Amino acid sequence: MIRQKSFENDQPTLYLVATPIGNLGEMTPRAIEILKSVDVIAAEDTRNTMKLLSHFDIQTHCIAHHMHNEYESAKGLLTLLEEGKNVALVSDAGYPLISDPGQIVVSMVSEAGYNVVPISGANAALNALVASGLSAQPFMFVGFLKSGEQERRKTCLELSKIKQTLIFYEAPHRIRKTLELFLEVFGNRDICLAREITKKHEEFIRGTLSEVIDICDDLKGEMVIVMAGYNEEEAKDEIPFTVLNDAIKNYIEEGYSTKEAIKKVAKEHGLSKNEIYKQYHSC
Ligand code: SAM
């Protein structure tokens, strides 16, 4: 067991400094003070961090600490602490470690008995969660899904019976594929797609997965998906696609075109016609 009384010892410290996720007004005075006072700043991307540092007139020496050589780099940071230096770790935006580098160095440094001190600030996941309108607790932060199709599906299946609100990060070019996978695996759950948080074009889109899929091709910028957790009662009420397909076939038999039949069924069940169309034609 190691007890860390952060401000009652002379040990060197690794500060985990959160930085703004878009709006520079969210850089805290404490974060600036710490970044000015430490011996070294370790940054995910020194070019990005240098811009932040120059904006706040911070002249501390900045070195790289990125994901691809995280273990070696973490050992380097530990050596700095062993030499008695204080180090601040920052990522490009938000908290280090949260879908960003830092896990290895924090484990190493805390095990070695040095202080690890968080400096509060912005975080995309929590901002999205609290404004989502969905249950804020309990929640589970998933972050980015892995990139392989099989792995993504497997992870979703593992999450499909989790009752907590789920939080995902996603890139805009993958948003449609991801939401479609979610619809397939999780059913038509309520979500909030939060994008460009704290920036000029900040937007919160609250609706069902199929509703958001209908408009997602026009969405740009950084995104968080907050999704309602598994609800046994609602899951029971979900209409299986076989039932929808039968309804479509009935309308076609009555003389409607396939397109009209799909539109009617979508309207009756409050679902996306695009999604029903795709499902119908994949059967
Ligand atoms: N460390 C960051 C944090 O604490 O939130 C997350 C870094 S992760 C590499 C970047 C992802 O976070 C983006 O792809 C997006 O999903 C999310 N993100 C970051 N800034 C955002 C913003 N302003 N609005 C919405 N999502 C954001």
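The values are calculated or read from the model by the stated rules, or taken from the named source; none is laboratory data. Since this is a predicted model, take the numbers as computed values, not measurements. Because the Cβ atoms are built from the backbone with ideal geometry, glycine has one as well, and the counts that use them run over all protein chains shown. Please note that ligands, DNA and RNA were not included when accessible areas were found on the heavy atoms of the full protein model with its side chains. Shrake-Rupley method; radii C 1.70, N 1.55, O 1.52, S 1.80 Å.
The table that follows gives values for the structure above.
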{"item": "Cα gyration tensor of the stretch 125-231 - equivalent ellipsoid semi-axes, whole Å, descending", "result": "19, 16, 13"}
{"item": "Centre separation in Å (Cα based) which lies between the stretch 131-169 and the stretch 95-117", "result": "24 Å"}
{"item": "Karplus-derived HN-Hα couplings along the stretch 213-229 (A = 6.51, B = -1.76, C = 1.60, θ = phi - 60°), whole Hz, x at Gly and Pro", "result": "4, 4, 10, 6, 5, 8, 8, 10, x, 7, 9, 10, 10, 10, 10, 4, x"}
{"item": "Label-point separation, residue 60 to residue 234 (7 Å along Cα→Cβ), nm", "result": "4.3 nm"}
{"item": "Debye equation applied to the C-alpha atoms of the stretch 38-99, log10 I(q)/I(0) at 0.15 Å⁻¹", "result": "-0.43"}
{"item": "For the stretch 89-146, convex hull volume per residue from C-alpha positions, Å³", "result": "117 Å³"}
{"item": "Förster radius 30 Å - calculated FRET efficiency between residue 71 and residue 48, Cβ distance, rounded to 0.05", "result": "0.85"}
{"item": "DSSP bridge orientation in the stretch 1-155 - percent antiparallel, rounded to nearest 5", "result": "5 percent"}
{"item": "Subset of 154/263; 161/278; 154/267; 163/263; 249/273 violating a 23 Å alpha-carbon distance limit", "result": "154/263; 161/278; 154/267; 163/263"}
{"item": "Ellipsoid semi-axes in whole angstrom, largest first, where each is sqrt(5λ) of the Cα gyration tensor of the chain", "result": "47, 19, 15"}
{"item": "Additional length obtainable on full extension of the chain from residue 10 to residue 147, 0.36 nm per residue less Cα span", "result": "45.0 nm"}
{"item": "For peptides 104-111, 191-198, 25-32, 123-130, sequence by mean Cβ density within 10 Å, most packed first", "result": "191-198, 123-130, 104-111, 25-32"}
{"item": "Mean separation of Cα contacts under 8 Å (6+ apart) over length of the stretch 1-139, as relative contact order %", "result": "38 percent"}
{"item": "Gyration tensor (Cα) of the stretch 59-209, equivalent ellipsoid semi-axes in angstrom", "result": "34, 18, 14"}
{"item": "Residue 1 versus residue 243: modelled label distance in nm, points set 7 Å from Cα along the beta carbon direction", "result": "5.5 nm"}
{"item": "Relative contact order [Cα under 8 Å, 6+ residues apart], the chain, whole percent", "result": "17 percent"}
{"item": "Segment residue 250-residue 218, length gained on full extension (0.36 nm per residue, minus Cα span)", "result": "8.1 nm"}
{"item": "Values of log10 I(q)/I(0), in the order q = 0.11 Å⁻¹, for the stretch 13-122 under a Debye, Cα-only, solvent-free model", "result": "-0.28"}
{"item": "Extended-chain gain in nm, criterion 0.36 nm per residue less alpha-carbon gap, residue 177 and residue 260", "result": "27.3 nm"}
{"item": "Where the chain is the region considered: accessible area per residue in Å², 1.4 Å probe", "result": "55 Å²"}
{"item": "C-alpha center-to-center spacing [the stretch 1-54, the stretch 173-201] in angstrom", "result": "31 Å"}
